[in-house]
There are 2 protein chains.
Amino acid sequence: MARTARLSSSLIVSTALDLVDRHGVDALTMRALARALGADPMAVYRHVRDKEALLGALCDAVLADLDRFDPDRPWRGQLERFAWQLRDSLAARPSLAAVLAGAPVTPAALALTQQAVVLMTGQGVPLDVAAGGLATVFAYVIGFAVTEASLPDPAEGRDELRRAALHHLGDPETEPPHLDTALRLVEQPADFGFGLELILEGLERRVPPTGSSRDADGS
Amino acid sequence: MARTARLSSSLIVSTALDLVDRHGVDALTMRALARALGADPMAVYRHVRDKEALLGALCDAVLADLDRFDPDRPWRGQLERFAWQLRDSLAARPSLAAVLAGAPVTPAALALTQQAVVLMTGQGVPLDVAAGGLATVFAYVIGFAVTEASLPDPAEGRDELRRAALHHLGDPETEPPHLDTALRLVEQPADFGFGLELILEGLERRVPPTGSSRDADGS
DNA sequence: ACCTGAACACCGTTCAAGT
DNA sequence: ACCTGAACACCGTTCAAGT
């Protein structure tokens with residue numbers, strides 16, 4: 001019966017992530033976290049420097065949960081899977097997208113980057129293409145996830161949005177063409193796969209062709 | 001001598017933006033804003049619903065400050081200029097990038113989208129390509145700007161970052177290849193133009209060729 | 001030496017009291 | 001009717017007092 005359930009960093013992180021999953025990152029206060037842990041509000045500070053470090057640890061946990069890169073399988077499919085997995089993970093906890101955007105350099109991010117560089121350069125992708133490609137994919141996924149998470153409730157103030165937009169357009173007498181199309185575009189989530197395909201396709205076109213039809217297999 | 005300098009929404013927004021430019025968004029508190037305006041802390045609430053609305057108005061002002069799209073000039077160059085302008089604007093006030101990411105639907109955003117749809121479809125870009133392209137460019141710029149603004153001070157805790165990353169990689173006995181390369185990649189700002197080029201190039205390839213060599217000029 | 005919780009210095013916002 | 005500022009309900013974090 002001895003309550004030896006001491007606090008640990010991993011317990012703190014998993015409890016905090018659970019709080020974020022259920023009630024959003026705004027509900028993650030040091031006091032609420034301590035309550036969920038059944039501990040004193042200050043006990044958490046024994047294991048975590050401050051709240052910023054706690055949020056960084058959450059981001060690291062999310063990234064560490066993604067599949068590793070396998071250097072023996074084609075890079076393009078793996079980069080695509082990585083992008084979808086990260087997007088899905090952030091879509092499941094929307095409020096964390098902005099947090100990850102604000103703390104992108106974590107140990108797991110470094111580990112993933114190292115594996116991706118090995119994967120891509122090992123398969124003939126020039127280093128600068130691999131570097132630019134990784135940065136592009138990451139920026140795209142983050143930007144997409146944060147934007148998607150921040151879409152306002154449709155119809156919420158749509159009339160005012162329209163009116164104010166018309167004012168920006170110089171209050172024309174006739175309705176500007178495609179205004180309703182544009183309204184739909186900014187209100188609806190976009191097609192994640194479309195932009196990802198643009199990026200991956202561009203990367204593939206920057207990989208010099210291998211001389212023969214196969215040269216990595218069987219050596 | 002009568003102090004008739006009444007508050008107005010535009011004065012509030014420009015004063016708030018100035019505060020953000022000089023001291024970052026964290027320094028933008030309702031109290032500090034009122035102080036900068038020489039007004040009572042609560043006077044701002046006469047013109048702005050709450051702080052979220054104030055931040056939204058700041059984002060709108062940043063977007064409204066960008067060049068308009070001109071339907072008579074090539075879409076690709078204008079989309080490229082838009083991306084660079086927005087990136088530069090956010091690089092000049094880094095802390096606002098995350099705010100814009102969290103409030104992407106504003107009147108100016110709608111106006112820009114409407115103009116971009118007119119521009120692109122008017123020059124033969126299929127609507128779904130234009131829609132996907134705009135969303136992709138926006139997500140990329142936002143994600144890039146937020147990530148760039150959040151890069152930690154290099155060398156700040158680099159050793160701990162390395163050690164923790166090695167732990168994620170399974171504590172190998174030999175140094176994983178390209179780890180220093182990866183460290184450089186996650187610490188340094190990436191090449192904004194590279195990813196933008198990937199996206200624009202992919203869009204261009206999705207525009208069906210016009211029948212003759214010229215058909216929009218002179219008509 | 002470690003842990004606790006009262007207290008500090010904020011914050012956004014409400015609301016009753018003034019003009 | 002409009003404007004003000006004291007007050008409320010928080011927050012992250014410090015630090016002195018306990019074990």
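Readers should treat all values here as calculations from the given coordinates under stated rules, not as data from a laboratory. This one's a predicted model, so the numbers in the text were calculated from it and none came from an experiment. We place every Cβ from the backbone using ideal geometry, glycine too, and count neighbours over all the protein chains shown.
Computed from the C-beta positions of residue B:36 and residue A:160 and an R0 of 30 Å, the FRET efficiency is 0.65 to the nearest 0.05. Placing a pseudo-label 7 Å from each Cα along the Cα-to-Cβ vector at residue B:84 and residue B:51 gives an inter-label distance of 3.7 nm.
Listing A:140, A:45 from the residue with the fewest other Cβ atoms within 10 Å to the one with the most, what is the order? Each step should come with its number before you reach the end.
Details: A:140 28, A:45 14.
The fewest-first ordering by Cβ neighbours comes to A:45, A:140.
From the Cα gyration tensor of the protein assembly as shown, with a ≥ b ≥ c the square roots of its eigenvalues, which class applies: rounded if a/c is under 1.5, or else prolate if a/b is larger than b/c, or else oblate? Because a/c hits 1.5 or more and a/b fails to exceed b/c, the protein assembly as shown counts as oblate. With both labels modelled 7 Å from their Cα along Cα-to-Cβ, the residue B:26 to residue B:153 distance reads 1.2 nm.
Counting other C-beta atoms within 10 Å, which of A:120, A:42, B:30 has the fewest, and how do the rest follow?
Numbers: A:120 26, A:42 10, B:30 17.
The most exposed by this proxy come first: A:42, B:30, A:120.
For segment B:1-92, which trypsin sites (Lys or Arg not before Pro) are both in a DSSP coil and crowded by at most 16 other Cβ atoms within 10 Å?
Values: sites: B:3, B:6, B:22, B:31, B:35, B:46, B:49, B:51, B:68, B:76, B:81, B:87; in loops: B:3, B:6, B:49, B:68.
Sites meeting the loop and neighbour criteria: B:3, B:6, B:49, B:68.
For a modelled paramagnetic label at residue A:204, 7 Å from Cα along Cα-to-Cβ, the residues of segment A:72-97 in reach, with backbone nitrogen under 19 Å, are A:72-85.
Distances between equivalent label points of residue A:45 across the copies, with each point positioned 7 Å along Cα→Cβ, amount to 3.1 nm, shortest listed first. Where chain A is rotated onto chain B, the residue of A whose Cβ comes nearest the axis, and that gap in whole Å, is A:143, 1. Spin-label model, residue B:175 to residue A:191: label points 7 Å out along the Cα-to-beta-carbon direction sit 4.6 nm apart. Between this copy and the others, label points of residue B:61 are 3.9 nm apart in ascending order, each placed 7 angstrom from Cα in the Cβ direction.
Assuming a ≥ b ≥ c are the square roots of the Cα gyration tensor eigenvalues, decide whether segment B:67-211 counts as rounded (a/c under 1.5), prolate (otherwise, with a/b larger than b/c) or oblate.
On the way: a/c = 3.22, a/b = 2.01, b/c = 1.60.
Verdict is prolate for segment B:67-211.
In the assembly of identical copies, residue A:18 has its label point, taken 7 Å from Cα in the direction of the beta carbon, separated from the corresponding points by 5.1 nm (ascending, one decimal). Neighbour counts of other Cβ atoms within 10 Å put A:84, A:75 in the fewest-to-most order A:84, A:75. Within chain A, the longest run free of GluC sites (Glu not before Pro) that sit in a DSSP loop with at most 16 other Cβ atoms within 10 Å is A:1-155.
Under Stokes-Einstein, with the Kirkwood radius over Cα pairs standing in for Rh, what whole-number D in µm²/s applies to segment B:75-156 at 4 °C and 1.567 mPa s? For the chosen part, D equals 95 µm²/s.
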